[in-house]
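Contents: one structure, followed by commentary.
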Amino acid sequence: MTVDPAPSAAGSPPVLPPAVPPAAPRRRGAGWIIGLSLSLVLLLLLAAGTGGAWLIWQQRERVLASRVMSPEQQSTIADAFAAASDKVTATQQATTDYESDRRAWDDEHAQVEEWKTRTDSPLLAVPNPGGSAIPGPDPDGSAFLSSIGADRVQVAFDAGDDNCGYHLSERTGYEIVVGGCYSTRYPSWLFLAWDPGMESSVWPVFVHEAMHWYQYQNYYPAFLAADRAGVTDDQYGPELEADASCRAVYVYGIPASDYVDTSSPCDIEGWYDGWLLDHLASLGVQVTEPVASDYEVLEVVRP
Ligand SMILES: [Zn+2]
């Protein structure tokens, strides 16, 4: 900004000397008065111009001074910019995380819903040495299965390879065994087989297998989420087994002692419905629906 020192340009009135010199003393007097007046006007204008320039300069200095920040102020502003930038990055990451978790959650639930509609039936490979009826009042287990909402579920009395429990028992070296299996290949079937002499243990094993059906009806998406989180089924296998036996004990009144000498004892102190999900959550598995608000980036609170 420049300031003109000469006042004439600042819109001063057009005061001009007379074009013709005065011929008479009277006129000279008048000319002197005009000259004096002109000088006064010029002086006044010059003073006004200088004062204006000074005021403007002062103002400029004040503005410049107000722009100068202390190191503390500069650092506060730099921090604020850095925090804002971190927050933008964190918010973008949180949005990506939420969208990805949401997609995976929906996908896993859709897979399980599709799986539930499958009606594959096993080919009975090896007849059960114990026969084709569960000892006791519910020979095909349908009354019990119906009572837990598993009307569509049937028992396959099969000692073939699909009966993982029966074969697991054989490998342990026992002479006579009872074993069962629930396989996701056959959503609506429970495998059951036993050797003669093991009749009294068949019912608890049957109920245990039915509890596996329950687990997959209710927790299968969480098992898929475990895969996604890199938690393998080996990592929660013992808990899956114990949870099935404990549900049989705590919910359906099977004596805990019936499972003590099996590969799946109920050894969870204070078991409760939902215990397995909580256990999976403790391993870092997402067991609850992703909610956008859980992904919000919180403001950094500075002391
Ligand atoms: Zn089991």
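What follows draws every value from the coordinates through simple rules; no lab data is involved. All values derive from a computational prediction rather than experimental measurement. FYI the Cβ positions are ideal-geometry reconstructions off the backbone, even for glycines, and counts take in every protein chain you see.
Structure summary
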| item | result |
| --- | --- |
| Efficiency of FRET from Cβ geometry, ASP233 and ALA110, R₀ 25 Å, rounded to 0.05 | 0.75 |
| Packing-based order for 147-153, 130-136, using average beta carbon neighbours within 10 Å, highest first | 130-136, 147-153 |
| Simple Cβ-charge dipole of segment 104-292, Lys/Arg +1 and Asp/Glu -1, about Cα centre, in debye nearest 20 | 260 |
| Computed over segment 140-280: relative contact order in percent, which uses C-alpha pairs under 8 Å that are six or more apart | 16 |
| Equivalent ellipsoid, segment 143-223 (semi-axes from 5 times Cα gyration tensor eigenvalues, Å) | 22, 14, 10 |
| Per-residue ³J(HN,Hα) for segment 203-219, Karplus 6.51 cos²θ - 1.76 cosθ + 1.60, θ = phi - 60°, Hz, x for Gly and Pro | 4, x, 5, 4, 5, 4, 5, 4, 5, 5, 4, 4, 4, 6, 5, 9, 10 |
| Computed E for LEU277/GLU299 - FRET, C-beta separation, R0 22 angstrom, nearest 0.05 | 0.10 |
| Rule-of-thumb Rg ratio for segment 72-169 [Cα; 2.2 N^0.38 Å; N residues] | 2.25 |
| Förster-model FRET efficiency, 25 Å R0, ARG152 and ALA125, C-beta, rounded to 0.05 | 0.70 |
| Per-peptide average of other Cβ atoms within 10 Å, ordering 198-205, 281-288 highest first | 198-205, 281-288 |
| Separation of the ARG67 and SER142 label points, Cα + 7 Å toward Cβ, nm | 9.1 |
| With 5 Å bins from 0: P(r) over segment 104-292, alpha-carbon pairs, percent | 1, 8, 16, 19, 21, 17, 10, 5, 2, 0, 0, 0 |
| Order of HIS208, HIS279 under a 10 Å beta carbon neighbour criterion, fewest first | HIS279, HIS208 |
| J(HN,Hα) series, segment 133-148, from Karplus relation 6.51 cos²θ - 1.76 cosθ + 1.60, nearest Hz, glycine and proline x | 8, 6, x, x, x, 10, x, 9, x, 5, 5, 5, 4, 5, 5, 9 |
| Sequence ranges 244-252, 175-183, 88-96, ranked by mean other-Cβ count within 10 angstrom, highest first | 244-252, 175-183, 88-96 |
| Whole-Hz ³J(HN,Hα) from phi, Karplus 6.51 cos²θ - 1.76 cosθ + 1.60, for segment 91-107, glycine and proline x | 5, 5, 5, 5, 5, 4, 4, 4, 4, 5, 5, 5, 4, 5, 4, 4, 4 |
